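Below: the structure, in structure tokens.
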Amino acid sequence: MEADYERFIDSLKAFKIMADYPGAVRKLLSSDKEKQLAGMKLLADSHEPEIMPWLVSFLHSEDDDLQRAAYAAMEELITYHALKRRDPEIGEKIVILPLGPDDFNLQALAWPIFQALNRPDLYPSSVLGTAAFSAGYLLLEDFEPLLKRLLTNEHPANQHAARSALEIIENSRKQQTN
């Protein structure tokens, strides 16, 4: 899983982001935390997979705010691309259809999600909820035990995120078998 993640990150054209979003990159490279947070938000709003190499170091930041922002930017990217595959035939339930030939595959992002869900004691609480939603939208069925463990987390928001992720995975699995 880690090797897939590293190959994925290496395959992305990080320089494209430098050319397309120079202001955001300048903010990320700043030593000012507020500018870094603003830069991550700008990149998240782009929904471009090429932002991921710019987020990698922040996913491991010792600063909780920067780490939360990086995971939130990754979740925004995952959610945006997953919801493009939402089944329009289903009403309120979120059902994500399998990847099509024109869909961007973000499955390799399972690695940082796994790290957070597998070692919740090492991450800020809000990162766990973000990681749970990301696991749901990526349909990471192998992560169901980790998500179920989060159902008993002390924070209701994390419990909600885990429940929602499990529902997305289950609803999508049921739809695929029909």
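So which residues in region 124-153 are surrounded by 20 or more Cβ atoms within 10 Å (Cβ to Cβ) and farther than 13 Å from Glu170 by Cα?
Quick first cut of region 124-153, residues surrounded by 20 or more Cβ atoms within 10 Å (Cβ to Cβ) only: 127-140, 143, 146-147, 150.
Within region 124-153, Val127, Leu128, Gly129, Thr130, Ala131, Ala132, Phe133, Ser134, Leu146, Leu150 qualify.
Screening Asp63 on (1) open to solvent by less than 70 Å² (accessible area, probe 1.4 Å); (2) over 19 Å from the mean Cα position of the chain (by Cα); (3) among the acidic types (Asp, Glu) shows it passes everything except condition (2).
Being farther than 25 Å from Phe8 by Cα and out of contact with any Pro (no Cβ under 6 Å at 6 or more places or on another chain): is that true of Leu166 here?
yes
Would you please name the residue that is farthest from Ile113 (Cα to Cα), looking only at residues in region 78-90 that are hydrophobic (A, V, I, L, M, F, W, C) and touching a Phe, Trp or Tyr at 6+ places or on another chain (Cβ under 9 Å)? Taking the candidates together, the pick is Leu83.
Taking first residues from region 73-84 that are under 15 Å from Ala108 (Cα atoms) and partners that are charged (D, E, K, R) and assigned to a helix (DSSP H, G or I), no Cβ contact under 6 Å between residues at least 6 apart in sequence or on separate chains turns up. Taken over region 9-46, the criterion of being assigned to a helix (DSSP H, G or I), within 23 Å of Thr79 (Cα to Cα), touching a Leu at 6+ places or on another chain (Cβ under 8 Å) and open to solvent by 20 Å² or more (accessible area, probe 1.4 Å) is satisfied by Gln36, Leu37. Among the residues of region 80-90, those identified as open to solvent by 60 Å² or more (accessible area, probe 1.4 Å) and either of a type outside the set (Asp, Glu) or part of a helix (DSSP H, G or I) (or both) are Tyr80, Leu83, Lys84, Arg86, Pro88. Could we say that Ala162 is surrounded by 23 or more Cβ atoms within 10 Å (Cβ to Cβ), touching a Leu at 6+ places or on another chain (Cβ under 6 Å), part of a helix (DSSP H, G or I) and not hydroxyl-bearing (Ser, Thr, Tyr) here? It is true that Ala162 is surrounded by 23 or more Cβ atoms within 10 Å (Cβ to Cβ), touching a Leu at 6+ places or on another chain (Cβ under 6 Å), part of a helix (DSSP H, G or I) and not hydroxyl-bearing (Ser, Thr, Tyr). Assessment of region 82-95 against the conditions (in contact with a His (Cβ under 8 Å, 6 or more places away or on another chain) and closer than 17 Å to Ala161 by Cβ) yields no matching residue.
Considering every residue within region 53-70, establish whether at least one is among the basic types (Lys, Arg) and modelled with pLDDT under 95.
First, the residues of region 53-70 that are among the basic types (Lys, Arg): 68.
Add one more test, that the residue is modelled with pLDDT under 95, and what stays is none.
No, every residue in region 53-70 fails to be among the basic types (Lys, Arg) and modelled with pLDDT under 95.
When the residues of region 110-122 are filtered to those that are touching a residue at least 12 places away in the same chain (Cβ under 8 Å) and open to solvent by 50 Å² or more (accessible area, probe 1.4 Å), the one that is nearest to Ala165 (Cα to Cα) is Phe114.
Filter region 92-109 for residues that are outside any loop (DSSP other than H, G, I, E, B) and open to solvent by less than 10 Å² (accessible area, probe 1.4 Å) and give the result.
Taking region 92-109 and keeping what is outside any loop (DSSP other than H, G, I, E, B), we get 96, 107-109.
Within region 92-109, Ile96, Leu109 qualify.
Within region 110-151, the set of residues being in a helix (DSSP H, G or I) and hydroxyl-bearing (Ser, Thr, Tyr) comprises Ser125, Ser126, Thr130, Ser134, Tyr137.
The values are calculated or read from the model by the stated rules, or taken from the named source; none is laboratory data. Predicted model only: the values in this text are computed from it and were never measured. Positions of Cβ are backbone-derived with ideal geometry, glycine not excepted, and every protein chain shown enters the neighbour counts. Surface accessibility is based on the protein's heavy atoms, side chains included, excluding ligands, DNA and RNA. Shrake-Rupley method; radii C 1.70, N 1.55, O 1.52, S 1.80 Å.
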